[in-house]
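Student: Quick one: the structure is below, and I'll ask about it shortly.
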Amino acid sequence: MSSTAHKDYHDKAFPAKRLVEVYFCDDSFPLIKENVEFPMEQIHTDIDSGVVKGETLIDFSVGATASHLIPVCNGFKDIYVVEVNERNINEFEKWRQNKQDSVNFSYGAKVHHKLEGGREAWHMKEDKARKAIKGVIQWDISNNDQVPFDLPQADCILSLYLLEAISKDQDTYQRNLKKMTSKLKIGGSLLLFSPINMTFYKIDDHKFFYLPVDEDFVKQTVNNAGFVIEKVNVLPSKKSCDLLDYDSIMYLRCRKKNDV
């Protein structure tokens, strides 16, 4: 499938707010338990157990999304968010500044409230995440650029659904993974979420390109990038949805053993 078949995630006119409203805000999206709750559960489990921890985490995730960052705050003091699309950055900054017209992530806050067993009031969780975010930085992928040089070295890299959205083919995917993890310390953790065999997603009347990958390809790419896979969890999709077409969502927790 060519990247010219549909619109692209990095298009200047990308509908940033609509992406979040359709897929990440509430249960009007029929697959939100798979799309939002599953990643939050995996992140919460690995951070709450102490398996994943550190001072600094860099997030490379799709869209102006924040629910997955709520459980991150329990394990990391400083969070840096990297985005490739200026419109997504603008929407994310609205949420970060708690502006009236920003997207609402109370759904994710309530999910984490339940995961924690009610240890902290759900309405405090978005503010906690906002305070932990030390910077929102744009990554220009138009000229195969490396990640921004001013990013700090990180103890953890988190990526939710982004690689397939910005990579036109498997070779580009492999290069982008190496770039994304170039700021990760040796021994640091990579938390990677990948929809399996997904070819598109829709926002209103527009269909967007998504690179289809299978489990073996993702695992091999991670291994080739210098990582040891410590955990694999695959959630098969329980229902079909005409907004997108993945078969399952795969979570990999990996440890960086060397620079490749």
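Student: Would you look at the GNM of the chain, springs on alpha carbons closer than 10 Å, and say which of Lys202, Lys12, Lys77 moves the most?
Tutor: The residue with the greatest mean-square fluctuation here is Lys12.
Student: While we're here: Near the amide H of Thr199, under 5 Å away, which other amide H atoms are found, from residues 5 or more places off or on another chain, if H is placed in the peptide plane?
Tutor: Asp245
Student: Along the range 228-240, what does the Karplus equation 6.51 cos²θ - 1.76 cosθ + 1.60 (θ = phi - 60°) give for ³J(HN,Hα), rounded to whole Hz, x for Gly and Pro?
Tutor: Values per residue, Gly and Pro as x: 9, 7, 9, 8, 10, 9, 10, 10, x, 6, 8, 8, 8 Hz.
Student: Defining a contact as two alpha carbons under 8 Å apart and six or more residues distant in sequence, what relative contact order in percent does the chain show?
Tutor: Relative contact order of the chain: 21 percent.
Student: Using a 1.4 Å probe and counting only protein heavy atoms, arrange Trp122, Trp139 so the residue with the most accessible area comes first.
Tutor: These residues rank, largest area first, as Trp122, Trp139.
Student: With each run of n ≥ 4 DSSP H residues scored as -39500 (n - 2.57), what mean residue ellipticity at 222 nm is computed for the chain after dividing by its residue count and rounding to the nearest 500 deg cm²/dmol?
Tutor: -8000 deg cm²/dmol
Student: A further question on this structure: Which ³J(HN,Hα) values in Hz, rounded to whole numbers, follow from the phi angles of the range 201-217 under the Karplus curve 6.51 cos²θ - 1.76 cosθ + 1.60, where θ = phi - 60° and Gly and Pro get x?
Tutor: These are the phi-based 3J(HN,Hα) values: 9, 10, 10, 6, 8, 10, 10, 10, 5, 8, 6, x, 9, 10, 4, 5, 5 Hz.
Student: Given H placed on each backbone N at 1.01 Å, which residues far from Lys231 in sequence or on other chains put an amide H within less than 5 Å of it?
Tutor: Arg253
Student: In addition: With all protein chains present, calculate the accessible area of Val232 using a 1.4 Å probe and round the result to the nearest 10 Å².
Tutor: The value for Val232 is about 70 Å².
Student: Take the solvent-accessible surface of the protein heavy atoms, probe 1.4 Å, and return the percent of it on the range 180-260 that carbon and sulfur atoms account for.
Tutor: Result for the range 180-260: 45 percent of the exposed heavy-atom area is carbon or sulfur.
Student: At a 1.4 Å probe radius, which order do Ser28, Ser106 fall into by accessible area, largest first?
Tutor: Ser28, Ser106
Student: Antiparallel as a % of all DSSP beta bridges within the chain, to the nearest 5?
Tutor: Taking every DSSP beta bridge with both residues in the chain, the antiparallel ones total about 50 percent.
Student: Counting only protein chains, not ligands or nucleic acids, how are Ser167, Ser49 ordered by accessible area (probe 1.4 Å), most first?
Tutor: Ser49, Ser167
Student: When a/c reaches 1.5 or more, the comparison of a/b and b/c decides; with that in mind, is the range 9-163 rounded, prolate or oblate per its Cα gyration tensor?
Tutor: Verdict is oblate for the range 9-163.
The values are calculated or read from the model by the stated rules, or taken from the named source; none is laboratory data. Here the structure is a predicted model, which means the values were calculated and not measured. Heavy atoms of the whole protein, side chains included, go into the accessibility calculation; ligands, DNA and RNA do not. Shrake-Rupley method; radii C 1.70, N 1.55, O 1.52, S 1.80 Å.
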